[in-house]
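Participant: Before I ask anything, let me first share the structure, which is written out below as structure tokens.
The values are calculated or read from the model by the stated rules, or taken from the named source; none is laboratory data. This one's a predicted model, so the numbers in the text were calculated from it and none came from an experiment. We place every Cβ from the backbone using ideal geometry, glycine too, and count neighbours over all the protein chains shown. Heavy atoms of the whole protein, side chains included, go into the accessibility calculation; ligands, DNA and RNA do not. Shrake-Rupley method; radii C 1.70, N 1.55, O 1.52, S 1.80 Å.
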Amino acid sequence: MTDKPPLTARGESSPTPAPSSELDSFLAEIRGRTTAVTATRGRLVFALDATASRQDTWDTACELQAEMFREVAATGGLDMQLVYYRGLGECRASRWFSDPGQLAKTMSQIMCNAGHTQIEKVLVHAKKETKLLQVSGLVFVGDAMEENPDALAHEAGELGRLKVPAFMFQEGHEVERTFREVERTFRNIAQLTHGAYCRFDSGSANQLGELLKAVAVFAVGGVAALEASKDAGAVKLLRQMK
């Protein structure tokens, strides 16, 4: 992982997200799998697949992330770090941001580029970060998996022992040939880290945005923070927690 700012320009993109039943299940899983946040401030790693297949949805992911961050920025309780991979082995991590404007600017400078997935590097990076200072959670958004599932399971298990839940968002359609294989791997990572899994496709961007904001609020203050929030995603989450 390097900490250099991205040098390329923004690519274009459009909505993407999931059936409400899947989203509801995701919300319910958060209750059963996530662990209490012990850091003074919430620290959330936001990781994105920036390979060519995600070009069409990159801008939407940027917008949803910005909304998610703004949700808790006013409280001064959340720091976020952007991690992304693309191209031939390029995997970068930004510095930690407390200013949503700076993070949005960093994301706007990234352009997707053809390459293989590097999910293992993301997991290893989250593990290193939490050894320096506890990370509240890892959010990952991607549509593919081209790595050894056993190697990913090993790193996920290590992350789970460090009490860093991974929230795995899978973009795509069930009719796609590799969808189920990717789903199995993403679900396994979520289970091993005591996190949660959700798929999304075109049509549920708003719901996904609400969910991301709810995860951010949870990362800062747990259930108590969600109860104080008026966000629709938080309401849905609390409904599953009763």
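Participant: Within the set of other residues whose C-beta is less than 14 Å from the C-beta of Glu155, count the net charge using Lys and Arg as +1 and Asp and Glu as -1. Write out the running numbers ahead of the final one.
Facilitator: Values: positive: Lys121, Lys127, Lys128, Lys131, Arg161; negative: Glu120, Glu129, Glu147, Asp150, Glu158.
Here the charged neighbours net out to 0.
Participant: For the peptides 41-51, 130-140, what is the packing order when you average, over each peptide's residues, the other Cβ atoms within 10 Å and list the highest mean first?
Facilitator: Numbers: 41-51: 24.1, 130-140: 20.5.
Put in order of decreasing packing, that is 41-51, 130-140.
Participant: Residue farthest toward the positive end of the dipole of the stretch 93-156, with Cβ of Lys/Arg at +1 and Asp/Glu at -1: which of Asn148, Val135, Ile119?
Facilitator: Value: Val135.
Participant: How much length would be gained if the chain were fully extended between Arg95 and Arg177, taking 0.36 nm per residue of separation minus their Cα-Cα distance, in nm to one decimal? Mind showing how you got there, number by number?
Facilitator: Values: separation 82, 0.36 × 82 = 29.52 nm, distance 3.66 nm.
Here the segment from Arg95 to Arg177 would lengthen by 25.9 nm.
Participant: Leaving out ligands, DNA and RNA, what percent of the accessible area of the stretch 98-185 is carbon and sulfur, probe 1.4 Å? Don't skip to the answer; put the middle values down first.
Facilitator: On the way: 2050 of 4070 Å².
The value for the stretch 98-185 is 50 percent carbon and sulfur by accessible area.
Participant: State to the nearest 20 debye the size of the charge dipole of the stretch 93-200 about its Cα centre, where the only charges are +1 on K and R beta carbons and -1 on D and E beta carbons.
Facilitator: Working: 13 positive and 14 negative charges, 88 e Å.
Value, rounded to 20: 420 debye.
Participant: Return one whole number: the accessible area per residue of the stretch 83-196 in Å², for a 1.4 Å probe.
Facilitator: Values: 5010 Å² over 114 residues.
Dividing the accessible area of the stretch 83-196 by its residue count gives 44 Å².
Participant: While we're on this one: Would you mind getting me the FRET efficiency between Glu158 and Leu88? Use the beta-carbon distance for r and R0 = 25 Å, nearest 0.05.
Facilitator: Values: r = 26 Å, r/R0 = 1.05.
That pair, Glu158 with Leu88, gives E of 0.45.
Participant: Could you list, in their original order, any pairs among Lys128/Lys213; Lys105/Lys213; Lys163/Lys213; Lys128/Lys163; Lys131/Lys213 whose Cα atoms are separated by more than 22 Å?
Facilitator: Working: Lys128/Lys213 25 Å; Lys105/Lys213 19 Å; Lys163/Lys213 20 Å; Lys128/Lys163 13 Å; Lys131/Lys213 25 Å.
Pairs exceeding 22 Å: Lys128/Lys213; Lys131/Lys213.
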